[in-house]
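Participant: Sending over a structure as structure tokens; questions will come in a sec.
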Amino acid sequence: MRVTTTALMLVLALALAGGAGARPGGGGGGGGGGSGDCELDGQIFAYWGGGDVEAAGFVRCASTKSWIRVSAVVTRDGAFVASNGHTCRRASSCRITFAPLDDPDGDQLWCIDVSGEVKGGGALGPRTFCEAFTGI
């Protein structure tokens, strides 16, 4: 996988923009039971020259919760790659990371499907986040 510095900078800038790679109509945040101040986020990072990809899913809340659970499924070109879940206690955010993921030669579309739950029955998502572009 060959990547120019400019392309890498663009990917990182779009990823840090928060949901810039989200698919339209890919679900939503919000929900009742204590999750109204929470949102989902997901990011895909392709590393320059390394042939590896990192995927991360987040639940971020404006206030501290007794517990937050984030679950995610990573896909490459629509095919399952990995899945897992993580619970954070007495926190305002929770993150799950998949790394390193092997990035074979060629152009693939990497996505992460993120969902969450907050104590009190507040469900979030699912919501899908994909690479901002695949031309690298």
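Participant: What tally of residues in region 70-80 results from selecting those that are on the phi < 0 side of the Ramachandran plot and either crowded, with 18+ Cβ neighbours inside 10 Å or not in a strand (DSSP E or B) (or both)?
Facilitator: Count: 7.
Participant: In region 88-127, what residues are in a strand (DSSP E or B) and surrounded by fewer than 14 Cβ atoms within 10 Å (Cβ to Cβ)?
Facilitator: Those that are in a strand (DSSP E or B) and surrounded by fewer than 14 Cβ atoms within 10 Å (Cβ to Cβ): ARG89, ARG90, ALA99, PRO100, ASP102.
Participant: Take the conditions surrounded by fewer than 21 Cβ atoms within 10 Å (Cβ to Cβ) and at pLDDT 95 or above and apply them to GLY28. Does it pass?
Facilitator: Judged against the criteria, GLY28 is not a match.
Participant: If only one of THR5, THR64, THR75, THR87 is at pLDDT 50 or above and over 22 Å from LYS119 (Cα atoms), which one is it?
Facilitator: Result of the check over THR5, THR64, THR75, THR87: THR75.
The values are calculated or read from the model by the stated rules, or taken from the named source; none is laboratory data. For clarity, every value in this text was computed on a predicted model and none was experimentally measured. Virtual Cβ from ideal backbone geometry, glycine too; neighbours counted across all protein chains shown.
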